[in-house]
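Participant: Take a look at the following structure, please.
The values are calculated or read from the model by the stated rules, or taken from the named source; none is laboratory data. In this text, all values refer to a predicted model and were calculated from it rather than measured experimentally. Note that we place each Cβ from the backbone using ideal geometry, even for glycine, and neighbour counts take in every protein chain shown. When the accessible area is computed, the model is the full protein with side chains, heavy atoms only, and any ligands, DNA or RNA have been set aside. Shrake-Rupley method; radii C 1.70, N 1.55, O 1.52, S 1.80 Å.
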Amino acid sequence: MTHRSVLLAFVSILCSSSGFLIPRRCHIPDNFRYTHRKPEPVGIQTGRVFMPTRRAPSVAVQAFTIANIGSFAQAAFGTSGVQKVLELGFIAGVGASLRDKLDAKAITALLLNALVPAVIVSSLSTLKISVEMGYVFLAGTLLALIQLGSSELASRFVIKEENEDSNETRTLRRTAGIQLGTMAPALSVYSFTREFVGGEFAGLAALADIPTKIYTLLLIPYYLRFRGNKKSSVVSSTPVAKPPMLKQLINAMKDPFNLAITSGIGLAALGRPVSSLGFCGKAIGGLAQAQTSILFLLIGLKLKFGGDRPKLCLQLLLARHGFVSLATSAFLATILRTGDAARLAAVLSSHAASSIIAFGQMSKVAKEVDGYDTELAFDIVALSFPLTVLLNTIACLAGKRYVDALPIVGTGLLAMSALLGKIGKS
């Protein structure tokens, strides 16, 4: 008896004793005998070949299917993206419980003068331009333009033209249009992309974020000054002498944002990321990592759900995601038609939360020009993270079905924004 014959016979015994069907091409050797007869395999025996017949699934199979649903939910709960959301929500809850003990203004100053500049240096120092990433860079540029255009539409969709002559209305619209047009995918997108799409697509998402970084870190201060109103000041008859150029440069370098941007660009030009700077790089990296925890602690301290502001911010964010979803669906239909993984990664990136760095830039420029409501900008940042997490969680669980239904999703979000605006109105 050959080893193959023994193996096939052993498999036949196992199949018949457990009630499973023996496959059509599984032959029992002629020179093998066994006395096992019960239970008989379900099927028609023809010679030494069993012809399987259809049978209803057993209760165990049905239970296993139901158990799969629970296992899937448990697996989704254990993913890094969902666990990160719960972690940040817990930190925000700690902040809310400490409102009477911590000074929100002091923590805001810490965030803007130490932690956000560390993030700027770390981000800029890793930038590398190469020919291979040209298409990804162009896609990221298109996504940044989609965000800017959709945000301007959202600000006008929500903040109606009834009070067009009101300075407050123009300030709210201007603030919302600029703050909504920024993205922070590092916290709100990458973990979902890495977990549900793949590590290589997380890297591509980081490359596609480079145009947004350039806009947020370098260009947005000029855009804010261009759209703002110069502060009114009393004109003095005595001309004020300008300080020497060297002194102006030194004063500019004292600003944490200017110093961070200059240092980051210099390190990128030298090809030296922050991680290569030894203990100094580790210190900067530690401050940059602390930014997320301190931000959500501050969100818990400052975010309040009373009044009309949270409702206004939620309207704006729903409208922004609605317009972005419609524009992204057009991009997928015309340019990125194939590749389910790439299409899902593009949708996740389009859901990115609003940037805390842009809020910092606005807070800095607001000292020089009028026309910005920094409290509204911060509330938008605070609410954008949980909404982005919710959308990306649904997108990852639904997968291709969510991507295919993106036009319906966008329309639904716009409808929800409009319906929310009707609530409370007479």
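Participant: If I go through the range 190-215 residue by residue, how many of them are open to solvent by less than 40 Å² (accessible area, probe 1.4 Å), over 20 Å from GLY134 (Cα atoms) and in a helix (DSSP H, G or I)?
Facilitator: Here the count works out to 4.
Participant: Inspect all residues belonging to the range 370-381 and state whether any of them is of a type outside the set (Lys, Arg), open to solvent by 20 Å² or more (accessible area, probe 1.4 Å) and in contact with a strand residue (DSSP E or B) (Cβ under 6 Å, 6 or more places away or on another chain).
Facilitator: yes
Participant: Here is a follow-up. In the range 385-408, what residues are under 20 Å from PHE196 (Cα atoms), of a type in the set (Val, Ile, Thr) and modelled with pLDDT of 90 or more?
Facilitator: Matches in the range 385-408: VAL403 only.
Participant: With the structure loaded, tell me whether LEU314 is in contact with a Leu (Cβ under 9 Å, 6 or more places away or on another chain) and of a type in the set (A, V, I, L, M) or whether it fails that test.
Facilitator: Details: in contact with a Leu (Cβ under 9 Å, 6 or more places away or on another chain): yes; of a type in the set (A, V, I, L, M): yes.
So LEU314 fits the description; yes.
Participant: If you scan the range 379-426, which residues turn out to be of a type in the set (Val, Ile, Thr) and within 13 Å of the chain's Cα centre (by Cα)?
Facilitator: Residues satisfying the conditions are VAL381, THR388, VAL389, THR393, ILE394.
Participant: Does ALA345 satisfy the criteria of being open to solvent by less than 30 Å² (accessible area, probe 1.4 Å) and outside any helix (DSSP H, G or I)?
Facilitator: no
Participant: Separate question: Could you check the range 147-166 and list, in sequence order, the residues that are open to solvent by 30 Å² or more (accessible area, probe 1.4 Å) and over 18 Å from MET362 (Cα atoms)?
Facilitator: Those that are open to solvent by 30 Å² or more (accessible area, probe 1.4 Å) and over 18 Å from MET362 (Cα atoms): GLY149, LEU153, ARG156, PHE157, LYS160, GLU161, GLU162, ASN163, GLU164, ASP165, SER166.
Participant: When both residues are 6+ apart or on different chains and their Cβ atoms are under 9 Å apart, which pairs have a first residue that lies in the range 97-120 and is in contact (Cβ under 8 Å) with a residue 60 or more places away in the chain, and a second that is among the acidic types (Asp, Glu) and open to solvent by less than 90 Å² (accessible area, probe 1.4 Å)?
Facilitator: Cβ pairs passing all conditions: none.
Participant: Among residues belonging to the range 171-189 that are of a type in the set (S, T, N, Q) and modelled with pLDDT of 90 or more, point out the one that is surrounded by the most Cβ atoms within 10 Å (Cβ to Cβ).
Facilitator: So the residue we want is GLN179.
Participant: If you don't mind, there's one more thing I want to ask. Considering only residues of the range 396-410 that are under 17 Å from PHE323 (Cβ atoms) and assigned to a helix (DSSP H, G or I), which is most open to solvent (accessible area, probe 1.4 Å)?
Facilitator: It comes out as ILE408.
Participant: Assuming THR338 fulfils every condition listed in (1) open to solvent by less than 40 Å² (accessible area, probe 1.4 Å); (2) among the hydroxyl-bearing types (Ser, Thr, Tyr); (3) not in a helix (DSSP H, G or I) apart from one, which condition is it?
Facilitator: Just one mismatch for THR338, condition (1).
Participant: In a helix (DSSP H, G or I), modelled with pLDDT of 90 or more, within 18 Å of the chain's Cα centre (by Cα) and small (Gly, Ala, Ser), is that true of SER155?
Facilitator: no
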